[in-house]
Each structure stands twice: as structure tokens, then as C-alpha cells.
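Below is one structure, written out as C-alpha cells, with a few remarks after it.
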Amino acid sequence: MVTVSPPDTWVYALRLPPDPRAARVARMTVRAALDGHGMREVLDVVELLTSELVTNAYWHTKGPASLRLTALGGGRLRVGVWDSSPYIPAPFDQSPGRPVASVPGDACGGRGLLLVQECADSWGGWSLGDDLLGRGAGKLLWFEVGGDGAAVRRSIADVGV
């Protein structure tokens with residue numbers, strides 16, 4: 001008897017409208033995909049960080065956004081969020097490994113990308129330049145978790161934001 005096992009690499013992509021409910025739709029998609037592929041150990045971290053990136057895309061751009069989940073094999077997952085602004089926010093405009101800037105305790109925002117830096121195994125961002133008509137093609141912010149499990153072992157409470 002031959003059994004078929006699902007591959008450990010897969011991709012899901014979702015186009016998100018400029019709507020305040022987009023972060024919830026993204027979280028539900030992440031939960032369904034990771035649960036369906038048996039990646040429950042990274043679910044909480046991925047759901048939180050995806051929500052942060054999608055929320056930033058909604059608040060800081062006027063156009064749609066896209067979510068892409070890519071299983072890289074070996075238990076690693078890459079999450080990318082594209083939006084229509086070419087501006088790469090700090091700290092994503094710097095190389096990983098630099099010290100994380102603190103956020104004042106009374107600040108109303110600024111903690112989302114800090115969470116990504118602290119909780120993901122790796123992260124980054126790329127400006128996609130201009131399209132053929134001279135319009136900005138946007139940017140892609142991404143993070144990876146899994147594999148060695150470093151991000152999973154870090155508790156969000158340990159981040160201290």
C-alpha cells in the first residue's frame with residue numbers, strides 16, 4: 001500500500017482590500033493554513049506578527065495589500081506582506097541584528113515592528129521601485145519563524161513591549 005504525504009513546502013497568497021477588517025481576515029487565513037499543515041507550534045507568533053504587518057499596511061497606505069505564506073521546508077515559514085507604499089519603515093530599512101530601538105512608555109504606537117524584530121527568527125523589507133508608469137510598486141515586509149524553533153521559544157511576554 002502506498003501512502004501519500006503532503007509536501008512540507010507550500011504557498012498561500014491572499015489579496016487584502018484597504019479595509020479595517022483585513023487584519024482579522026489575515027489572522028483567520030494564517031490560523032487555517034498553519035493548523036491544516038500541522039504547524040501549530042508557530043501559530044501564535046505568526047498570527048500576531050502577521051496582524052501587525054497587515055495593520056500597518058492598512059494604516060499607512062491607501063491601496064490594497066497582499067499576504068503570502070510560504071513553507072520553506074524543515075519547519076520554516078516565511079510570511080510576506082506587500083503594500084502599495086515604497087517607503088520601508090525603520091527598523092526594516094536596516095539590516096537584521098542591529099540593536100532594537102526602545103519605544104517610549106507613553107507612545108500610542110511603534111511597537112508592532114519591534115514585536116516582529118523580537119519574535120521572528122529573521123525579517124526584512126524591500127522597496128519594489130516603480131512600475132512602467134512611474135508609480136510606486138510598493139514594498140514587501142517579511143519575517144521567518146520555525147526550523148530551529150528560536151522564535152517559538154521566545155515568549156511575547158519576554159519582549160517587554
- Query: Using a simple spin-label model with points 7 Å from Cα along the Cα→Cβ vector, what separation in nm is obtained for Asp148 and Asp44?
  - Reply: 2.2
- Non-local residues with an amide H under 5 Å from the amide H of Gly138, with H modelled 1.01 Å from N and Pro and chain starts lacking one, are Leu128, Gly129
- Item | Local electrostatic count, Val79, Cβ distance below 12 Å [Lys/Arg +1, Asp/Glu -1] | 0
- Sequence-distant residues sharing a close amide H with Ser122 (under 5 Å, placed H): Glu144
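Each value in this text was obtained by applying a stated rule to the coordinates, not by laboratory testing. What you see is a predicted model, and the numbers here were worked out from it, not measured in a lab. Please note: Cβ atoms are built from the backbone with ideal geometry, for glycine as well, and neighbour counts cover all protein chains shown.
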